[in-house]
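J.: Below you will find the structure I want to go over with you.
The values are calculated or read from the model by the stated rules, or taken from the named source; none is laboratory data. This is a predicted model, so every value here is computed, not measured. Cβ atoms come from the backbone with ideal geometry, glycine included; neighbour counts cover every protein chain shown. Side chains are part of the model used for accessible areas, which takes the heavy atoms of the whole protein and leaves out ligands, DNA and RNA. Shrake-Rupley method; radii C 1.70, N 1.55, O 1.52, S 1.80 Å.
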Amino acid sequence: MTDKQQISILLIDDQAIVRAAFKSLLERIAHFKVVGDAPDARRGIELAKELRPDIVILDITMAGMSGIDAVGPLKKASPNTRVLMASQHEGMKFVQQALQAGADGYLSKDSEPEELALAIESIRRGDSYLSPKVANGIMARAVRGEAPAASDSSAVSVLTPREREVFQLLALGKANKEVAAMLGLSLGTVKKHRENLQRKLDCHSAAELARLAIREGLLNV
């Protein structure tokens with residue numbers, strides 16, 4: 001029997017302990033190699049361009065650019081890389097947004113460890129992968145003939161990727177000047193984005209933005 005071809009993997013998650021746990025699990029499998037990890041989407045995109053990994057395992061909820069917004073830039077930076085979303089969010093809206101963005105698979109972080117390898121192998125050979133925990137919920141709803149719940153629609157779907165970045169940073173309590181510095185924008189541009197956010201989301205304070213971001217799963221409580 002021939003050895004399996006090595007699969008290179010890049011981890012992108014804002015929680016160091018989660019990245020360490022994934023790395024520990026993955027490196028128990030001889031043909032998996034974690035070639036890098038990043039604490040945020042922007043750094044992850046840079047690493048993907050440099051390392052050209054076979055697989056990126058990507059969190060959704062991260063400050064600045066969310067995992068969903070990062071899928072497109074990741075694919076552009078490394079066209080042959082397959083993207084596996086790994087999130088604690090199992091709701092239909094997150095799955096839909098991730099797949100529409102171009103993700104190749106979606107794994108619940110509440111899955112059994114063995115499922116991680118299965119998901120990686122599946123998307124590496126060109127198949128899509130949907131965690132059974134997620135798929136079962138979607139299937140149960142379909143069997144019951146239920147329409148999508150109100151919670152399945154995203155209030156922030158009207159935002160551009162840049163507006164979502166600004167939104168998340170403002171929700172964290174960052175001042176306009178801090179947001180401008182972090183994203184490389186002018187102060188005037190950030191102020192304009194803030195005005196657009198207030199109009200589109202009907203949120204007029206950092207507290208209201210934070211509550212909406214938490215509700216949308218874009219910020220951890």
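J.: Regarding region 85-95, can at least one residue be identified that is without any contact (Cβ under 8 Å) to a residue 40 or more places away in the chain, within 15 Å of Ile120 (Cβ to Cβ) and outside any loop (DSSP other than H, G, I, E, B)?
T.: Checking region 85-95: at least one residue is without any contact (Cβ under 8 Å) to a residue 40 or more places away in the chain, within 15 Å of Ile120 (Cβ to Cβ) and outside any loop (DSSP other than H, G, I, E, B).
J.: Further question on the same structure: From (1) out of contact with any Gly (no Cβ under 9 Å at 6 or more places or on another chain); (2) buried (at least 18 other Cβ atoms within 10 Å of the Cβ), pick out the condition that doesn't hold for Glu121.
T.: Glu121 satisfies every listed condition except (2).
J.: I've got another one for you. Of everything in region 173-210, what is over 24 Å from Ser157 (Cβ atoms) and in contact (Cβ under 8 Å) with a residue 40 or more places away in the chain? Give them in sequence order.
T.: none
J.: Picking from Leu159, Leu183, Leu187, Leu201, which residue would you name as being open to solvent by less than 50 Å² (accessible area, probe 1.4 Å) and farther than 21 Å from Gly72 by Cβ?
T.: None of the other options fit; the residue is Leu201.
J.: Mind checking which residues of region 19-36 are farther than 15 Å from Thr81 by Cα and either among the acidic types (Asp, Glu) or outside any helix (DSSP H, G or I) (or both)?
T.: The answer is Glu27, Arg28, Ile29, Ala30, His31.
J.: Let me ask you something else. Taking region 67-94, which residues are surrounded by 21 or more Cβ atoms within 10 Å (Cβ to Cβ), over 11 Å from Val56 (Cβ atoms), hydrophobic (A, V, I, L, M, F, W, C) and in contact with a helix residue (DSSP H, G or I) (Cβ under 6 Å, 6 or more places away or on another chain)?
T.: Ile68
J.: If I ask for residues that are of a type outside the set (A, V, I, L, M, F, W, C) and at pLDDT 70 or above, which ones from region 134-169 would you list?
T.: The answer is Ser157, Thr160, Pro161, Arg162, Glu163, Arg164, Glu165, Gln168.
J.: I would also like to ask the following. Going through region 28-44 one residue at a time, which ones are open to solvent by 50 Å² or more (accessible area, probe 1.4 Å) and either within 11 Å of Leu11 (Cβ to Cβ) or in contact with a Ser or Thr (Cβ under 6 Å, 6 or more places away or on another chain) (or both)?
T.: Lys33, Val35, Asp37, Pro39
J.: Next question. Across region 65-78, what is the number of residues that are modelled with pLDDT of 95 or more and assigned to a loop (DSSP other than H, G, I, E, B)?
T.: Within region 65-78, residues that are modelled with pLDDT of 95 or more and assigned to a loop (DSSP other than H, G, I, E, B) number 1.
J.: Name, by its number, the condition in (1) open to solvent by 10 Å² or more (accessible area, probe 1.4 Å); (2) touching a residue at least 40 places away in the same chain (Cβ under 8 Å) that does not hold for Gln6.
T.: (2)
J.: Quick check on region 35-47. Is at least one of its residues over 26 Å from Leu170 (Cα atoms), among the basic types (Lys, Arg) and over 13 Å from the mean Cα position of the chain (by Cα)?
T.: No; the residues of region 35-47 include none that is over 26 Å from Leu170 (Cα atoms), among the basic types (Lys, Arg) and over 13 Å from the mean Cα position of the chain (by Cα).
J.: Now, a different point. Residue check, Ala21 against (1) under 24 Å from Met182 (Cα atoms); (2) at pLDDT below 95, all met but one. Which one?
T.: Only one criterion in (1) under 24 Å from Met182 (Cα atoms); (2) at pLDDT below 95 is unmet by Ala21, namely (1).
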